[in-house]
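Inspection log for the structure reproduced underneath, given as structure tokens.
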Amino acid sequence: MTVNAISPRGRTSMTAGVFTDSPRADDPLNPDHVARLVAYLASDAAKDITGRNFVVYGRMVAAVAPPQIEASFQSGGPEFTLDELHQQLSALNSAPINAEISKQLQELQQLSGMNATSE
């Protein structure tokens, strides 16, 4: 058994409010790009590939390194209360994460030969 994750960049009905309509015929957000990776990972040829996370954007597939723990906290009781979660999670500054995600997306677009403004 293998277990992999795919972080797709795809234009679907679920992302209709996120992306504009495809500006060109070779749309990098066409879900067919993702489907090909899914088909490959489900094949016998990929039987030794496991525990990986892949990003698919157009004609580019990237293997992503495992995430790092940014912060952790424990509940004061048997489970978190909403107030505890709010206190702990609101203390996290998401600006650096959003900046890093934006940087990574630009790098992925450059690697795949896509223009960052083509969405």
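Readers should treat all values here as calculations from the given coordinates under stated rules, not as data from a laboratory. From a predicted model like this one, the values you see are computed outputs, not experimental measurements.
Here are a few things to note about the model shown:
- In the chain, the DSSP beta bridges split such that about 55 percent are antiparallel, to the nearest 5.
- Max mean-square fluctuation residue, GNM over the chain, Cα-Cα springs under 10 Å, options Ile69, Ile101, Ile49: Ile69
- Considering only Leu82, Leu108, Leu29, the Gaussian network model of the chain with Cα springs below 10 Å gives its largest mean-square fluctuation to Leu82.
- Segment 1-89 shape via C-alpha gyration tensor axes, a/c threshold 1.5: oblate
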